[in-house]
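What follows is a short report on a single structure.
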Amino acid sequence: MTTGLVVTGGGGWFGRSFLASLAETPLGLPIDEVRVLVHHPTDVPLVQQSLRAAKIYVGDVRSDSDVAELYEGLDTTHLVHSAAVIHPGSVADFFSINAGGTERIVRGALQRGLQRMVHVSSNSPIGTNPSPDEVFRDNEPYNPYYGYGASKMQAEVIVKDLLTAAAVPGTIVRPPWFYGPYQPERQARFLKTVRLGTFPLVGKGLNRRSMVYTEHLALGVRLAATTDRPGIGTYWIADSQPYSMLEILDAVRAAARAEGLEVVDKVLRLPNAAGVMAEKVDAALQKRGKYQQEIHVAGELNKNIACSIAGARRDLGYDPQISLVEGMRRSYRYGLENGQDV
Amino acid sequence: MRTEVLVVGSGAGGATTAAVLAAAGVDVLIVEEGPEVAPGSLTPFSIDQMRQQYRNMGELIALGLPSVTFAEGRCVGGSTEVNSGLYHRPHDMTLERWARGWDVKDLAAGSLLEFSEPIERNLTVSTFPSGPPPASRLLQEGAARLQWHAQEIPRWFRFDSPITGVRQSMSLTYLRQARRHGATLWSDTWVERFIVEKGRAIAALVLRGDGTRDRIDFDSVFVCGGAVQSAALLQRSGIRRHVGKTLTMHPTVKAVAHTAAPINDPTDVPVVQVREFYPHMSIGGSATNLPLLGMALMRTRRRLDDLAGLLPHMPIYYAAIRTQGLGRVTALPRMRDPLVTYRITGQDIARLRSAMGRLLEVLLAADTIEVIPSALHADPITSAAQIPEQVAKVTRRTADLMTVHVCSSVPMGEDRSKCAVDSYGRSHEVAGVLVNDASILNDAPGINPQGTVMALATRNAERFLLDHGQTPAAREFS
Ligand SMILES: Cc1cc2nc3c(=O)[nH]c(=O)nc-3n(C[C@H](O)[C@H](O)[C@H](O)COP(=O)(O)OP(=O)(O)OC[C@H]3O[C@@H](n4cnc5c(N)ncnc54)[C@H](O)[C@@H]3O)c2cc1C
């Protein structure tokens with residue numbers, strides 16, 4: 001009898017933080033091996049850095065044979081599924097990877113005695129709040145934000161349907177905007193532009209965004225993987241409060257200063273219309289199957305995407321502790337230690 | 001004709017004002033535009049009731065993009081004779097917002113409690129003796145499954161069995177109290193305007209039901225015609241500063257739930273509300289009889305055959321929002337009804353969509369066979385993944401909005417840059433004029449307003465007595 005913890009998306013921002021947390025403290029489940037699916041051979045050393053004991057599989061969630069190999073020889077499985085694309089080459093990838101890939105991964109696990117699953121979703125299936133003083137609850141109607149949102153919504157629906165049919169318990173976690181160690185280059189760029197005053201602030205900056213420090217997300221997923229709650233729960237996993245855009249920029253600069261980095265105290269202000277334009281261009285591009293990361297992000301900057309973590313606190317005992325400034329400091333440190341231009 | 005105090009309108013504000021003043025010995029004449037109808041003599045929500053007790057058959061319109069349809073009572077007792085009877089105590093958060101934003105004196109958190117408690121007893125505010133009926137429970141179940149806070153809202157009801165009771169409207173309570181203490185009530189009497197001399201209102205010109213005109217001289221007048229009519233009457237009388245420019249409403253979107261069990265009671269409304277999203281939006285149940293069900297489904301793609309058979313299985317629910325946009329009331333020369341306009345902003349549209357989404361979500365979470373959004377070309381849905389497509393059908397051009405809550409056309413407070421009356425309803429512009437109805441609420445309260453209207457009306461009427469060297473009587477009826 002072999003029991004495996006299968007982690008997909010292991011080379012990603014969340015994946016590496018989660019594996020690092022496992023290296024520090026195992027989940028406490030009766031697991032024989034941790035199998036990690038990564039997309040690219042260059043991810044292999046990164047995953048090894050995070051969790052030495054991991055068995056690493058290079059493969060694609062779009063491939064039946066890659067997925068079959070991932071589960072080969074397992075009798076029972078615990079699954080943490082985080083493989084997805086957020087900034088893809090084309091809109092079609094959203095669906096084949098995020099939705100189709102999820103279906104393949106879950107079906108594979110169900111054939112291997114799936115015990116419990118954690119599905120890492122996103123804020124995007126739920127869209128944006130109408131105003132800065134509203135926050136999303138856990139069980140909100142779907143209102144997907146463009147292609148990514150629609151694909152992540154499909155993935156959630158697939159997870160719920162498959163798990164319900166098989167009577168396997170699971171948790172869908174919805175993290176909003178990430179920050180923290182293991183950040184990709186685009187986040188390093190964010191840290192740098194905010195620090196040097198060239199990050200575009202669209203509108204007045206009073207719109208609110210929830211963010212999640214990656215170690216908080218890892219904590220939330222650990223709790224979701226080990227809870228004994230029956231059925232399928234959906235929870236926001238974020239920092240304890242949403243922040244206004246201005247607060248976020250202030251915290252990033254304060255963190256940079258505390259790390260002894262040069263800070264230019266100014267903000268590149270763009271009128272709200274710029275955000276509206278960007279969103280329109282993004283929508284038009286996505287309609288034609290094209291995806292452009294900078295434009296997509298610019299279109300989202302003046303939106304309210306704020307959530308309440310009351311449900312995760314209540315049901316999972318989730319209690320995030322690290323402040324925004326401290327989390328951003330650790331982000332700068334990670335960047336500096338790993339040769340990023342932050 | 002001469003009276004010490006004239007009260008215009010016999011609804012929640014007017015009846016309360018008249019009762020407080022009469023009980024203290026003031027000579028009060030109440031004039032009411034609409035007819036006197038014996039309570040209980042008309043079927044609730046029937047065409048007959050629409051004709052006799054509502055203004056313009058219950059179809060008034062605030063023009064805009066989209067327009068908002070609204071309803072008002074027009075009879076002795078005002079809207080309280082036709083309303084759902086759902087009672088909320090004034091919310092502290094709201095009072096604090098008003099005190100701060102408009103500089104309203106003596107409106108701290110908790111300051112209205114001493115008025116609310118006797119009102120609750122006078123109206124026998126109560127919940128169903130053995131729990132809410134099935135159409136209410138449906139909402140409760142859906143909300144419980146989503147972990148959203150929902151609760152039974154008590155009503156001004158005197159229950160005579162576990163499931164039936166009599167709504168304690170103004171004609172059964174505060175108007176009776178006023179008359180018992182000597183107040184006179186003229187029904188079918190419309191106040192056209194006031195005569196103002198040297199900055200003081202001295203008389204009202206009225207049109208009686210038989211077509212005759214009359215003049216009523218008074219020392220003071222309380223304007224309690226409801227948020228739209230009070231603003232129009234003041235404007236017709238030349239009192240215009242900050243009058244009619246800040247109207248608020250709680251526009252609603254609706255959806256029909258289709259259930260296997262026959263849970264709809266066509267003569268009553270569900271009493272459970274989802275409070276999770278207060279103050280931005282709330283979800284509750286609407287009256288559902290055959291014409292109303294037909295109207296709710298008319299523009300959808302749901303086939304309408306055998307509607308009569310489906311009626312017991314198809315209660316209608318609503319989601320109401322607070323808006324960012326405001327409305328305007330403008331009295332028009334030689335026209336009896338004012339022009340009402342309302343501006344729905346982009347944020348309001350987003351909130352209406354969010355409200356529709358949540359409404360569909362909670363109804364799907366309950367035991368329903370299908371849920372049909374009441375929207376142009378909407379399709380019946382059975383799963384949460386179908387919600388986005390239907391919500392997208394709620395647009396500026398197609399949204400079908402209605403409301404029964406209109407407030408805030410004559411805001412109160414000391415801040416003269418935006419208030420028409422002071423903290424106790426006294427006009428900043430003309431002496432002898434007080435406003436004491438839903439008009440003086442500073443903005444949309446996010447709850448059913450009558451409880452707040454009555455508490456403020458009691459407070460302001462008592463203040464008037466104190467100003468005139470008189471002592472208010474006990475607040476609770478004997
Ligand atoms: C269908 C419906 C359901 C509702 N449900 C609820 C509920 O469940 N809970 C709740 O809290 N609120 C409810 N409301 C709202 C509530 O009834 C009102 O907020 C409240 O009655 C407002 O009180 P008011 O004194 O401002 O106006 P009204 O009660 O409307 O009274 C105004 C009266 O003044 C008369 N009038 C107007 N102009 C003149 C004039 N020039 N001369 C003479 N008379 C005039 C009118 O004919 C009317 O009778 C509902 C309203 C409606 C229409």
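Is there a residue being in the same structural domain as A:Pro125 (by TED's automatic domain parsing), part of a loop (DSSP other than H, G, I, E, B), within 21 Å of A:Gly180 (Cα to Cα) and polar (S, T, N, Q) anywhere in region A:294-308? Within region A:294-308 (the criterion being in the same structural domain as A:Pro125 (by TED's automatic domain parsing), part of a loop (DSSP other than H, G, I, E, B), within 21 Å of A:Gly180 (Cα to Cα) and polar (S, T, N, Q)), the answer is yes, since at least one residue qualifies. Collect the residues in region A:314-329 that are in contact with a Phe, Trp or Tyr (Cβ under 9 Å, 6 or more places away or on another chain) and outside any loop (DSSP other than H, G, I, E, B), keeping them in residue-number order. Selection gives A:Asp315, A:Leu316, A:Leu324, A:Glu326, A:Gly327, A:Met328.
Of the residues making up region B:299-322, at least one is within 12 Å of another protein chain (Cβ to nearest Cβ), within 27 Å of B:Ser230 (Cβ to Cβ) and in contact (Cβ under 8 Å) with a residue 60 or more places away in the chain. Free of Cβ contacts under 8 Å to residues at least 24 places away in the same chain, acidic (Asp, Glu), over 30 Å from B:Pro312 (Cα atoms) and assigned by TED's automatic domain parsing to the domain that holds B:Thr173 - does that describe any residue in region B:94-105? There is at least one residue in region B:94-105 that is free of Cβ contacts under 8 Å to residues at least 24 places away in the same chain, acidic (Asp, Glu), over 30 Å from B:Pro312 (Cα atoms) and assigned by TED's automatic domain parsing to the domain that holds B:Thr173. Could you please let me know if B:Ile119 is among the β-branched types (Val, Ile, Thr), within 30 Å of B:Ile316 (Cβ to Cβ) and in the same structural domain as B:Arg236 (by TED's automatic domain parsing)? Here the answer is yes, as B:Ile119 does meet what is asked.
Residues in region A:106-144 that are surrounded by 19 or more Cβ atoms within 10 Å (Cβ to Cβ), touching a Phe, Trp or Tyr at 6+ places or on another chain (Cβ under 9 Å) and more than 14 Å from every other protein chain (Cβ to nearest Cβ): A:Gly108, A:Ala109, A:Arg112, A:Val120, A:Ser122, A:Asn123. For region B:161-192, taking the residues that are among the small types (Gly, Ala, Ser) and away from the ligand (no atom under 11 Å from the Cβ), the one that is nearest to the other protein chains (Cβ to nearest Cβ) is identified as B:Gly165. Note on region A:73-96: residues that are under 23 Å from A:Gly220 (Cβ atoms) and either in a strand (DSSP E or B) or of a type in the set (A, V, I, L, M) (or both) amount to 9. Among the residues of region B:308-323, those identified as farther than 22 Å from A:Pro144 by Cβ and not aromatic (Phe, Trp, Tyr) are B:Ala308, B:Gly309, B:Leu310, B:Leu311, B:Pro312, B:His313, B:Met314, B:Pro315, B:Ile316, B:Ala320, B:Arg322, B:Thr323. Count of region B:1-47 residues, restricted to those that are more than 15 Å from the ligand (Cβ to nearest atom) and within 29 Å of B:Thr164 (Cβ to Cβ), is 3.
Put simply, of B:Gly78, B:Gly64 the only residue that is modelled with pLDDT of 95 or more and within 12 Å of the ligand (Cβ to nearest atom) is B:Gly78.
Tell me whether region A:19-39 contains one or more residues that are in a loop (DSSP other than H, G, I, E, B), touching a residue at least 40 places away in the same chain (Cβ under 8 Å) and crowded, with 24+ Cβ neighbours inside 10 Å. Among the residues of region A:19-39, not one is in a loop (DSSP other than H, G, I, E, B), touching a residue at least 40 places away in the same chain (Cβ under 8 Å) and crowded, with 24+ Cβ neighbours inside 10 Å, which makes the answer no. Evaluating B:Leu205 against the criteria (1) closer than 22 Å to B:Gln52 by Cα; (2) within 13 Å of the ligand (Cβ to nearest atom); (3) of a type outside the set (Ser, Thr, Tyr) leaves one unmet condition, (1). Entry remark, region B:134-160: residues being more than 16 Å from the ligand (Cβ to nearest atom), out of contact with any strand residue (DSSP E or B) (no Cβ under 6 Å at 6 or more places or on another chain) and in contact (Cβ under 8 Å) with a residue 12 or more places away in the chain number 8 in total. Does at least one position in region B:271-283 carry a residue that is without any contact (Cβ under 8 Å) to a residue 40 or more places away in the chain and either within 16 Å of the ligand (Cβ to nearest atom) or in contact with a His (Cβ under 9 Å, 6 or more places away or on another chain) (or both)? The answer is no; no qualifying residue exists.
The values are calculated or read from the model by the stated rules, or taken from the named source; none is laboratory data. Nothing here was measured: the structure is a model prediction, and the numbers come from that model. FYI the Cβ positions are ideal-geometry reconstructions off the backbone, even for glycines, and counts take in every protein chain you see.
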